[in-house]
1. Can you find even one residue in the stretch 112-124 that is more than 26 Å from residue 10 (Cα to Cα), over 14 Å from the mean Cα position of the chain (by Cα) and assigned to a strand (DSSP E or B)?
2. In the stretch 72-91, what residues are surrounded by 15 or more Cβ atoms within 10 Å (Cβ to Cβ) and touching a Phe, Trp or Tyr at 6+ places or on another chain (Cβ under 7 Å)?
3. Have a look at 123, 98, 103 and point out the one that is among the β-branched types (Val, Ile, Thr) and open to solvent by 70 Å² or more (accessible area, probe 1.4 Å).
4. List every residue pair whose Cβ atoms sit under 9 Å apart, with the two residues 6 or more apart in sequence or on different chains, where the first one lies in the stretch 22-36 and is farther than 28 Å from residue 12 by Cβ and open to solvent by 70 Å² or more (accessible area, probe 1.4 Å) and the second, anywhere, is part of a loop (DSSP other than H, G, I, E, B) and of a type in the set (S, T, N, Q).
5. Every residue in the stretch 106-120 that is more than 17 Å from residue 5 (Cβ to Cβ) and open to solvent by 10 Å² or more (accessible area, probe 1.4 Å), please.
6. Among the listed residues 92, 61, 87, which satisfies the condition of being at pLDDT below 90, in a loop (DSSP other than H, G, I, E, B) and either under 18 Å from residue 126 (Cβ atoms) or basic (Lys, Arg) (or both)?
Amino acid sequence: MWSIIDGKEKIEKLYNGILPSLESICIHEFVIITGEDIELDIRFDIKDMPKDMPPKWIERKVNTVQFVFGFLSVKFIDFNIDEDFKKGCVLKCEKMAIDKSKITITNSGGEVKLSFFSKWSYIKSMSGYQQD
């Protein structure tokens, strides 16, 4: 998945060169922005924490890392979101062509809940917070 995401260099630095897993993520929000090209933002938490956390994160007792991934020129294939969709999801990607990737999100049972094509994928934000 990480191979198609622009801006992953900061993540590699934070995680000492080993990118975190995008399996068993907890999705919080989807934002669909219509216009000339459809945009999709996905906000989610991951389980993997960096070994050497920034001092500010240590002070705030951060125990969860949250990302917002942005996708541009989205064309939806499957959109089957329901109540069992939020926790334990897996985010996968496969390169389809020079300017197209297929992104798939499955639930913990392996059912495809969301899949779409995108021309560009990037990290909009990354933050740490303390989850109760």
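1. Among the residues of the stretch 112-124, at least one is more than 26 Å from residue 10 (Cα to Cα), over 14 Å from the mean Cα position of the chain (by Cα) and assigned to a strand (DSSP E or B), which makes the answer yes.
2. Hits for the stretch 72-91 are 73, 74.
3. Only one candidate qualifies: 98.
4. Going by the 9 Å Cβ cut-off, there are no qualifying pairs.
5. 106, 108, 109, 110, 111, 112, 113
6. Details: 92 fails: in a loop (DSSP other than H, G, I, E, B); 61 fails: at pLDDT below 90.
Answer to the selection: 87.
The values are calculated or read from the model by the stated rules, or taken from the named source; none is laboratory data. Note that this is a predicted model, so its numbers are computed, not measured. Virtual Cβ from ideal backbone geometry, glycine too; neighbours counted across all protein chains shown. Each accessible area value is taken on the protein alone, full model and side chains, heavy atoms only, with ligands, DNA and RNA left out. Shrake-Rupley method; radii C 1.70, N 1.55, O 1.52, S 1.80 Å.
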